[in-house]
């Protein structure tokens, strides 16, 4: 395997040859990627992986669900949480499972110390509700979700500002009195509840608030992308597609 210094020396020479730059970049992508995980292969800068705060937060998430390899997706949610902490409003996650991403965000911004707001976790904590799953959703629904409610409840027993809401969306949304939202994460693997969550929380989103759509660009999740696009158009917003497979909506 070539050393990075060799790559640096070769690049100016190779760039002068017709078509060779593409070959060089492809070669580097294969043998010297900076990131190769979760469907994303790149040679772009990934220095965030060396950030001690990122590493600490990701390690906390791994304690919730060992073996998960979605570091760049976690980086995106950490960034969104960092931005949202400067706003008024609570944090909300719809689609929690074992709370991998929410734990990563909380650890990254030290949410436990933020006594002026709450982090609401909405989920059945036992998988999808069959009545809400369409044939398109079934194509994307490849995983089984064992009941994890007690595990999540124990995980946050020392967090006075974390509220666990068990049940299906949209039925549980109105059960909690949430006035303002700064951060919203949606990951329910099912179009209908994601559509309802967007409709319910949009009027509550603070200006500058961020919505993270975890499945937005993933193959097999086209129904979720479609309802997100339709909703965004209806409120004059646009979804930013990310190479991680996620989508972002900013409330202006």
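In a fully extended conformation the segment linking residue 53 and residue 199 would gain 49.2 nm over its present Cα-Cα distance, using 0.36 nm per residue. Is the stretch 63-184 rounded, prolate or oblate when judged by the Cα gyration tensor, a ≥ b ≥ c being the square roots of its eigenvalues, rounded requiring a/c under 1.5 and prolate requiring a/b larger than b/c? Here the stretch 63-184 falls in the prolate category. Candidates [x] 7, 27, 30, 23, 10, 4, 0; [y] 7, 29, 33, 18, 9, 4, 0; [z] 8, 34, 40, 17, 1; which is the computed P(r) over Cα pairs in 10 Å bins from 0, in percent? Among [x] 7, 27, 30, 23, 10, 4, 0; [y] 7, 29, 33, 18, 9, 4, 0; [z] 8, 34, 40, 17, 1, the one derived from this structure is [y]. Which shape class applies to the stretch 118-221: rounded if a/c is under 1.5, otherwise prolate when a/b exceeds b/c and oblate if not, where a ≥ b ≥ c are the square roots of the Cα gyration tensor eigenvalues? Note, shape of the stretch 118-221 comes out oblate. GNM remark for the chain: springs join alpha carbons under 10 Å apart, and the peak mean-square fluctuation among 142, 88, 153 falls on 142.
Over the chain, with a Gaussian network built from C-alpha contacts below 10 Å, which listed residue (236, 167, 220) shows the highest mean-square fluctuation? The residue with the greatest mean-square fluctuation here is 236.
Helix content alone sets the calculated 222 nm mean residue ellipticity of the chain: runs of n ≥ 4 DSSP H residues at -39500 (n - 2.57) each, divided across all residues, give -11500 deg cm²/dmol. For the stretch 101-123 and the stretch 164-210, what is the centre-to-centre distance using only Cα atoms, to the nearest Å? After rounding, the separation between the Cα centres reads 15 Å. With contacts taken as Cα pairs under 8 Å at a separation of at least 6 residues, the chain carries a relative contact order of 17 percent. When the chain is treated as a GNM with alpha-carbon contacts under 10 Å, the residue of 218, 31, 201 showing the greatest mean-square fluctuation is 31.
Taken together, the values in this text are just the output of simple stated rules run on the coordinates, not laboratory data. Model, not experiment: these values are computed from the prediction.
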